[in-house]
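Each remark here refers to the structure printed beneath this line.
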Amino acid sequence: MSMVAPKGRKHLCADALFRLLHAHFTTIADDGVDEVEIPLDDALMSAFAMFSLKAPALLAFDKQRAEGNLKTISGIERAPCDTRMRERLDPVSPESLRPSFNLVFRQLQRGKALEPMVFLDGHYLLALDGTGYFSSNTIHCDSCLHKAHRNGSITYHHQMLGAAIIHPDFREVIPLMPEPIIKQDGTEKNDCERNAAKRFMTKLRQDHPHLKFIVTEDSLSSNAPHIETLHDAACHYILGVKEGDHTYLFNQVRAAEDAGKVTYYERHDRAADVVHRFRFVNAMPLNESRADVRVNFIEYWEIAQDQVQHFSWVTDLRVSKRTVYTLMRGGRARWKIDNETFNTLKNQGYNFEHNYGHGAKNLSVVFATLMMLAFLVDQTQQLCCALFRAVWAKLGSKRLLWERMRALFYDYRLDSMRELLEALSVGFEKSHPMILTNSS
């Protein structure tokens with residue numbers, strides 16, 4: 001009996017999303033309006049295909065671009081060489097790619113794929129964190145951040161504020177359009193994560209005005225200005241706090257404990273042989289200078305036989321014995337923005353920190369944004385495509401999956417990504433190569 005490849009949701013499959021994104025790329029304004037050799041949509045789709053295939057470098061992609069299925073699978077009429085791709089994409093505004101993320105997100109909503117990821121009372125859990133993806137002592141552009149060293153040298157670098165919808169029970173993450181942390185036009189000062197967060201929250205509400213979010217971040221975000229930014233965007237929060245950084249808050253909690261206002265709660269997970277221990281108190285002043293900013297405090301210990309882990313958070317959601325365990329899980333899920341997003345991009349074949357090209361204007365940011373867009377499509381496949389999951393399970397690792405996908409993409413004539421995945425899932429007959437000879 002022959003194997004049958006699993007069926008999937010057609011509008012959420014890779015082929016449908018590729019067509020959707022390519023159609024949007026054709027609407028992006030082209031500064032090189034006199035350039036007819038390589039249309040901008042083909043250049044953008046070629047870069048997206050490079051990241052979808054996890055090509056290790058732009059030169060490697062360039063050498064094989066004529067051998068693969070860029071036209072049949074990605075709809076690319078003319079793929080640019082590596083130099084031409086850099087030239088075509090350098091002037092592109094990264095913001096012009098924002099609708100691409102929203103289009104994929106709308107497809108997820110249409111397919112009700114996000115409903116299981118609702119975390120608490122109709123809210124999605126949204127993790128934010130900054131990360132770097134480029135650093136050099138020589139290569140730089142007008143947007144680069146820079147750090148001057150005592151020996152007179154300068155380090156140029158790029159960072160971004162990443163954001164992803166996460167859930168404690170899901171391995172998948174749904175990345176949103178990242179916010180570049182770059183030197184802003186007309187300024188000499190470096191940009192910072194706090195300013196990027198303000199811009200991100202404004203754009204988040206423009207893109208998703210009605211979605212309900214609980215934002216989770218590390219302890220650097222537990223400050224009054226940022227909390228006000230979250231409130232202005234109508235978002236709840238679960239933010240890490242550390243005693244070394246929030247001494248006043250912890251002193252106030254101890255005072256509340258002495259006054260008998262702190263609640264203790266313990267929950268035993270006998271199957272895992274773990275004790276979950278909590279203490280919490282509501283309406284604590286965040287710090288001495290902004291005593292008007294009141295937060296609800298959670299401290300948590302996970303006690304196992306061989307180790308004890310300790311965490312603490314502040315939130316604007318009221319804490320009770322009924323809610324504290326769920327809020328703890330939301331706070332601890334924040335690591336998914338690191339492990340399941342940034343570490344995946346850096347260590348599982350995406351080559352996030354590789355310099356595919358820096359350019360003089362926007363190229364580095366455009367490449368990083370397109371890589372995140374390719375990651376969004378991959379995560380959509382992981383969440384929604386049974387065929388993708390079957391191939392991944394069969395091969396056992398993402399790196400091997402990307403390697404086999406590239407091999408088939410370049411060595412066989414294929415009409416779709418589904419055909420490629422079916423070949424990996426159920427197998428295919430390997431024929432002898434047809435050698436083209438010159439009879440003359």
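Here are some notes:
- Look at the stretch 262-277: where a residue is in contact (Cβ under 8 Å) with a residue 40 or more places away in the chain and more than 16 Å from LEU327 (Cβ to Cβ), no partner that is polar (S, T, N, Q) and in a loop (DSSP other than H, G, I, E, B) sits 6+ places away or on another chain with Cβ atoms under 9 Å.
- For the stretch 83-122, the set of residues classified as basic (Lys, Arg), closer than 28 Å to ASN351 by Cβ and either in contact with a Pro (Cβ under 9 Å, 6 or more places away or on another chain) or modelled with pLDDT of 95 or more (or both) consists of ARG86, ARG88, ARG98, listed by residue number.
- Among the candidates ARG254, ARG277, ARG267, residue that is in contact with a His (Cβ under 8 Å, 6 or more places away or on another chain) and of a type in the set (D, E, K, R): ARG267
- Among the residues of the stretch 59-78, those that are closer than 13 Å to TYR356 by Cβ and surrounded by fewer than 21 Cβ atoms within 10 Å (Cβ to Cβ) comprise LEU59, ALA60, ASP62.
- Verdict on ARG279 being more than 28 Å from the chain's Cα centre (by Cα), part of a strand (DSSP E or B) and of a type in the set (Lys, Arg): yes
- Flag if THR27 is more than 23 Å from the chain's Cα centre (by Cα) and assigned to a loop (DSSP other than H, G, I, E, B): yes
- Of all the residues in the stretch 79-92, those that are assigned to a helix (DSSP H, G or I) and open to solvent by less than 10 Å² (accessible area, probe 1.4 Å) number 2.
- Just one of the listed residues (SER143, SER136) is modelled with pLDDT under 90 and within 21 Å of GLY357 (Cβ to Cβ), namely SER143.
- LEU125 vs. criteria modelled with pLDDT of 95 or more, of a type in the set (A, V, I, L, M, F, W, C) and more than 25 Å from TYR410 (Cβ to Cβ): yes
- Identity of the residue in the stretch 308-346, modelled with pLDDT under 95 and open to solvent by 50 Å² or more (accessible area, probe 1.4 Å), that ends up nearest to GLY244 (Cα to Cα): TRP335
- Residue in the stretch 93-115 that is β-branched (Val, Ile, Thr) and either more than 30 Å from ARG413 (Cα to Cα) or open to solvent by 60 Å² or more (accessible area, probe 1.4 Å) (or both) present: no
- Residue check for LEU120: of a type in the set (A, V, I, L, M, F, W, C) and open to solvent by less than 50 Å² (accessible area, probe 1.4 Å): yes
- Residue list for the stretch 185-224, restricted to those being more than 25 Å from VAL365 (Cβ to Cβ) and buried (at least 20 other Cβ atoms within 10 Å of the Cβ): ILE214, THR216, SER222
- Cβ pairs under 8 Å, 6+ apart, first in the stretch 47-67 and at pLDDT 90 or above and assigned to a loop (DSSP other than H, G, I, E, B), second open to solvent by 10 Å² or more (accessible area, probe 1.4 Å) and charged (D, E, K, R): LEU53/ARG406; LYS54/ARG406; ALA55/ARG406
- Which listed residue, of ARG254, ARG270, is of a type in the set (Lys, Arg), surrounded by fewer than 14 Cβ atoms within 10 Å (Cβ to Cβ) and modelled with pLDDT of 95 or more: ARG254
- Every residue from the stretch 355-401 that is surrounded by 22 or more Cβ atoms within 10 Å (Cβ to Cβ) and without any contact (Cβ under 8 Å) to a residue 24 or more places away in the chain: LEU401
- Counting only residues that are buried (at least 16 other Cβ atoms within 10 Å of the Cβ) and either assigned to a helix (DSSP H, G or I) or under 20 Å from the mean Cα position of the chain (by Cα) (or both), the stretch 225-239 holds 8 of them.
- Test: residue in the stretch 324-340 that is aliphatic (A, V, I, L, M), in contact with an Asp or Glu (Cβ under 6 Å, 6 or more places away or on another chain) and either under 23 Å from HIS226 (Cβ atoms) or part of a helix (DSSP H, G or I) (or both): yes
The values are calculated or read from the model by the stated rules, or taken from the named source; none is laboratory data. Everything numeric in this text was worked out from a predicted model, so none of it was measured. Every residue, glycine as well, gets a Cβ built from its backbone with ideal geometry; the counts of neighbours run over all protein chains shown. In case anyone asks, the SASA skips ligands and DNA or RNA and just uses the protein heavy atoms, side chains included. Shrake-Rupley method; radii C 1.70, N 1.55, O 1.52, S 1.80 Å.
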